[in-house]
Amino acid sequence: MVPQVQVWMPAILALFVSLIVVVLTACINTRMLSAQIETVNSRIEALRAEMKQGFAELELRLTRQIVELDRRIERLEEQRGLIRTP
């Protein structure tokens, strides 16, 4: 082997090994970050579903209260002999 190549060989090998380590580390970090993002996304979806359920329950309660108020108003109108105009 040419003496100049023998001098540069350890440096070139060290460079390639460093490059391999950097690439592997980047891959591992990317996978870990992707897993964390998936965890956060699933938590967000769960919170959205919980919020939708809460809104549906609130809508149901409000609808029941409005219907009850409507019935009470009709009874008061009947008691006082009032006529409701649509």
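No value in this document is a laboratory result; all are computed from the given coordinates. Here the structure is a predicted model, which is why all the values come from computation and not from measurement. Glycine also receives a Cβ, built like all others from the backbone with ideal geometry; neighbour counts cover every protein chain displayed.
For Val2 and Cys27, what does the FRET efficiency come to when R0 = 25 Å and r is the distance between their Cβ atoms, rounded to the nearest 0.05? E between Val2 and Cys27, to the nearest 0.05, is 0.10. Compute the angle between helix 3-80 and the longest alpha-carbon principal axis of the chain, please, reported from 0 to 90 degrees and rounded to the nearest 10. Helix 3-80 and the main axis of the chain meet at about 0 degrees. The Stokes-Einstein estimate for the chain, based on a Kirkwood radius over Cα pairs and taken at 10 °C with 1.306 mPa s viscosity, is a diffusion coefficient of 78 µm²/s.
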